[in-house]
Amino acid sequence: MDIYDQEVEYLKENPAKIKEHWNIWSPLFRSVDGKNNYNGPFGCLTQIKAGKKISGISEFDDRIKADNNIPDKPEDITVDQLESFAEYQRELDKLFSRVEIKSYIPSNYEK
């Protein structure tokens with residue numbers, strides 16, 4: 001079980017916390033470069049979907065924009081979409097050096 005599986009499992013059991021976890025940049029909702037940078041050009045999946053930020057890879061951005069499992073607002077994220085977020089985050093781990101995510105310690109739930 002990786003860090004994304006842990007987050008998906010927790011949020012499926014606690015769906016009311018999805019937006020809170022989006023706001024604290026949990027692993028499923030990190031920006032593509034893994035950083036918590038509000039001012040940079042790189043965004044999270046929902047920001048890319050909304051056209052507010054980019055990943056730096058136009059083909060990736062096009063896939064996000066076309067994927068109905070990624071909403072453009074955090075309040076629209078459902079438990080049914082969490083696995084899609086996890087899949088994209090794993091893909092991003094292969095594309096970018098994202099040490100910030102690898103060192104994430106889930107403080108809101110037990111390992």
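The values are calculated or read from the model by the stated rules, or taken from the named source; none is laboratory data. All values reported here derive from a predicted model rather than from experimental measurement. Glycine gets a Cβ as well: all are built from the backbone with ideal geometry, and neighbour counts include every protein chain shown.
Structure summary
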{"read-out": "Asp62, sole failed condition from (1) out of contact with any helix residue (DSSP H, G or I) (no Cβ under 9 Å at 6 or more places or on another chain); (2) at pLDDT below 95", "value": "(2)"}
{"read-out": "Meets criteria (free of Cβ contacts under 8 Å to residues at least 24 places away in the same chain, buried (at least 17 other Cβ atoms within 10 Å of the Cβ) and within 16 Å of His21 (Cα to Cα)) for Gln89", "value": "no"}
{"read-out": "Hey, Asp33 in contact with a Gly (Cβ under 8 Å, 6 or more places away or on another chain) and either touching a residue at least 40 places away in the same chain (Cβ under 8 Å) or surrounded by fewer than 19 Cβ atoms within 10 Å (Cβ to Cβ) (or both) or not", "value": "yes"}
{"read-out": "Filter result (among the β-branched types (Val, Ile, Thr) and farther than 18 Å from Tyr88 by Cβ) within segment 1-42", "value": "Ile24"}
{"read-out": "Output for segment 5-51, where each listed residue is under 18 Å from Thr78 (Cα atoms), under 9 Å from the mean Cα position of the chain (by Cα) and either of a type outside the set (D, E, K, R) or at pLDDT 95 or above (or both)", "value": "Trp22, Trp25, Ser26, Pro27, Leu28, Phe29, Cys44, Leu45, Thr46"}
